[in-house]
1. Output the 0 to 90 degree angle, nearest 10, between the alpha-carbon long axis of helix 92-117 and the longest principal axis computed from the alpha carbons of the chain.
2. When the Kirkwood hydrodynamic radius is evaluated over all pairs of different C-alpha atoms of region 46-102, what value in angstrom, to one decimal, is obtained?
3. Could you calculate the FRET efficiency of T53 with L147 from 1/(1 + (r/R0)^6), where r is the beta carbon distance between them and R0 is 41 Å, rounded to 0.05?
4. Mean residue ellipticity at 222 nm from the helices of the chain, using -39,500 (n - 2.57) per DSSP H segment of n ≥ 4 over the full residue count, to the nearest 500 deg cm²/dmol?
5. Which aspartates and glutamates, if any, have their Cα less than 12 Å from the Cα of K94, not counting same-chain residues under 8 positions apart?
6. Roughly how big is region 3-155's charge dipole about its Cα centre, with Cβ charges of +1 (Lys, Arg) and -1 (Asp, Glu), in debye to the nearest 20?
7. Between 0 and 90 degrees, rounded to the nearest ten: what's the tilt of helix 126-148 against the longest Cα principal axis of the chain?
8. Stretch F137-N162 to full length: gain in nm at 0.36 nm per residue minus the Cα-Cα span?
Amino acid sequence: MSDNAKLKGLGGWLILVGLGLIITPLRISITYGPMFYSVFTDGTFGVLTTPGTEHYHWLWGPLLVFEALFNSLMLLASVLLLYLFFTKHYLFPKVFIATIAISLIFIPFDAWLGSLILTDQPVFDPDTTKEFARTLFSAVVWVPYMLVSKRVEATFVENMPNAQ
């Protein structure tokens, strides 16, 4: 049996990756779903985006829509990653790394935009810091693993286009 045959499959450290991938769409849905639903349905959005109201700022509308769209896209990306992972699709490592990289850019950018509105608040509140630390940890641990692991190289080979 070749080394690649021994390494092929969703075993080893990939089990931890898989568990994280299963938890991610649940975490996004539970954390952000109710929050954005209430913001857009209970009148909060109107209060924040209507000129003349006490809490109006011209950036609230674009920021809230941007955050809702981004988190919706991250939810879709997490479902796509689950599919790619369990089908052992060759694109999984690339999409996984891209998703982490995009999150690493989005979180500080979003915090900065928020600081333009809430000028008396710290740029990185505890929740933002926690989310950024989680993403940074994922980048530091899992991106190098995806790039150098023989198991990743041997496992994610399905649907690869034939080299002509």
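A short reminder: the numbers here are calculations on the coordinates, not readings from a lab. A quick note: this is a predicted structure, and the numbers were derived from the prediction, not measured. When we count neighbours, we look across all protein chains shown, and the Cβ atoms used for this are built from the backbone with ideal geometry, even at glycine.
1. That works out to roughly 20 degrees.
2. Kirkwood hydrodynamic radius for region 46-102: 13.5 Å.
3. Computed FRET efficiency for T53 and L147 comes out at 0.25.
4. Computed mean residue ellipticity for the chain: -25000 deg cm²/dmol.
5. Counting by Cα, and skipping residues close in sequence, K94 has these aspartates and glutamates nearby: E153.
6. Around 1000 debye, computed over region 3-155.
7. 20
8. That works out to 5.5 nm of additional length.
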